[in-house]
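Engineer: My structure is below; once you've seen it, I'll send some questions.
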Amino acid sequence: MNVLVTGGAGYIGSHAAQALHLAGHNVVVMDNLYRGHQQAVPMGVAFSQLDLNQTNDICELLSLHKIECVMHFAALAYVGESIEQPLTYYQVNVGGTLSLLQAMETAGVRRIVFSSSCTTYGQPKTIPLTENLPQKPISPYGWTKFIGEQLIRDYARAHDSFAYAFLRYFNVAGCAEDGSLGEDHRPETHLIPNLLFAAIGKESNNEMTIFGDDYNTPDGTCIRDYIHVEDLAQAHIAVMTALRDGDQRFYNLGIGKGYSVKQVLDAAKRICGVDIPCRIGSRRDGDAPQLYADASKIKEELDWNPRFTDINAIVQTAWKWFQSNPNGYGD
Ligand code: UFG
């Protein structure tokens, strides 16, 4: 298929663009490079530096490449930042999705795979998380993803043949197994990259803080579901391939198993072969004690199964990247 990947110079988008390209699809990456890196756009993939608010230019791009499906990754994605800058988050994540839909409408593109988040469920009362739990976000970031879903739902209701899929990610982790692509967030707030920076002894990150060890979990630290970025990319392809006119799909994307912060720390120590200096800090606002997916819906409906289900293997792929690229893409 001819596929537009918005945010394809970012962490998840670049891995998806590469997987689509390798699977034989014609891929066009669109990214404003605000947080993305042009070096992350895989070889052989067309690139256009556009912002989501450039509706007319996006429309032209869609028509030029005869795009049949849009994978919409481009977004701001820091919970903490969204609390400090809610308007920016609504503008980029909600306004950007609106602009993209307008461009798609004019260009006649009728399929979208939307990057949503398990954070739209807020602090659920039951785990593992199934898709039919009520969505009650607790941060502006979570609300922007929830409203993005609603926007697409309402648009689809008015256009019979329009098809969509919402993919609600859990904690996306790891890097391309062959070392070709990686994770380069600035600032970096995620657990695994910060552990690996501490292992390398990177100046600004030479001591890790564990955000709370007094949660009601077996070892007192928070439990999350870490899904490998390449498994996530394959799930996007499976979903896109299954989409038919008028389809409305939504899936949780995790491995269906949780690891605690301390378990991830132990894995990182094992893989890196060094001690990682750590201190116990206070809880981080908004962190739920346990979040992991019931991932059976996508497994049953689309026969998607993650290749990586062991935290050591996931961390290993990230370690390969961070060791070879301590300064990320270097831009
Ligand atoms: N953590 C630490 N120390 C750190 C960084 C993280 O102890 O330096 C802990 C966190 O408190 C949390 C766990 O490690 O318990 C994972 O934290 P991350 O920041 O890596 O990921 P989050 O679970 O906070 O957030 C991720 C995505 C969000 C998404 C969310 C959904 O980054 O975009 O999952 O739950 F909204």
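Engineer: How large is the translational diffusion coefficient of the chain in µm² per second when you combine the Kirkwood radius over alpha carbon pairs with Stokes-Einstein at 20 °C and 1.002 mPa s?
Structural biologist: Numbers: Rh = 20.0 Å.
Here the translational diffusion coefficient equals 107 µm²/s.
Engineer: Taking Cα centroids, how far is the range 125-156 from the range 240-304 in Å?
Structural biologist: Answer, in whole Å: 17.
Engineer: So, one more: Using just the helices of the chain, give the 222 nm mean residue ellipticity in deg cm²/dmol: DSSP H runs with n ≥ 4 each add -39,500 (n - 2.57), and the total is spread over all residues, rounded to 500. Working shown, then result.
Structural biologist: Numbers: 11 runs with 120 residues, N = 331.
Roughly -11000 deg cm²/dmol at 222 nm, from the helical runs in the chain.
Engineer: Of ASN252, ILE271, SER282, which is farthest on the positive side of the dipole of the range 227-298, counting Cα position, with +1 on Lys and Arg Cβ, -1 on Asp and Glu Cβ, and the Cα centre as origin?
Structural biologist: Farthest towards the positive end: SER282.
Engineer: So what does log10 I(q)/I(0) come out to for the range 163-210 at q = 0.25 Å⁻¹, using the Debye formula with one equal point on every Cα and no solvent?
Structural biologist: Log10 I(q)/I(0), no solvent term: -1.03.
Engineer: When N counts the residues of the range 2-80, how does its alpha-carbon radius of gyration compare numerically with 2.2 N^0.38 Å, as a ratio?
Structural biologist: Numbers: Rg = 11.6 Å, N = 79, 2.2 N^0.38 = 11.6 Å.
Compared with the compact-globule rule of thumb, the range 2-80 sits at 1.01.
Engineer: Additional query: When we measure straight from the Cα of LYS136, which lysines land under 20 angstrom away, once same-chain ones fewer than 8 places off are left out?
Structural biologist: By straight Cα distance, LYS136 reaches LYS125, LYS145.
Engineer: Tally Lys and Arg at +1 and Asp and Glu at -1 over the other residues with C-beta under 14 Å from the C-beta of ASP154: what net charge comes out?
Structural biologist: On the way: positive: ARG153, ARG157; negative: GLU105, GLU149, ASP160.
Net charge in that neighbourhood comes out at -1.
Engineer: Cα-based Rg (one decimal) and Dmax (whole number) for the range 41-189, in Å?
Structural biologist: Computed over the Cα atoms of the range 41-189, radius of gyration and Dmax are 16.3, 47 Å.
Engineer: With Kirkwood's inverse mean 1/r over C-alpha pairs for Rh, give me the Rg to Rh ratio of the range 97-170, two decimals please. Don't skip to the answer; put the middle values down first.
Structural biologist: Working: Rg = 13.4 Å, Rh = 13.1 Å.
On the Cα set of the range 97-170, Rg over Rh gives 1.02.
Values in this text are rule-based calculations from the coordinates and carry no lab data. Everything numeric here is computed off the predicted structure, so don't read it as measured data. Neighbour counts run over all protein chains shown; Cβ positions are idealised from the backbone, glycine included.
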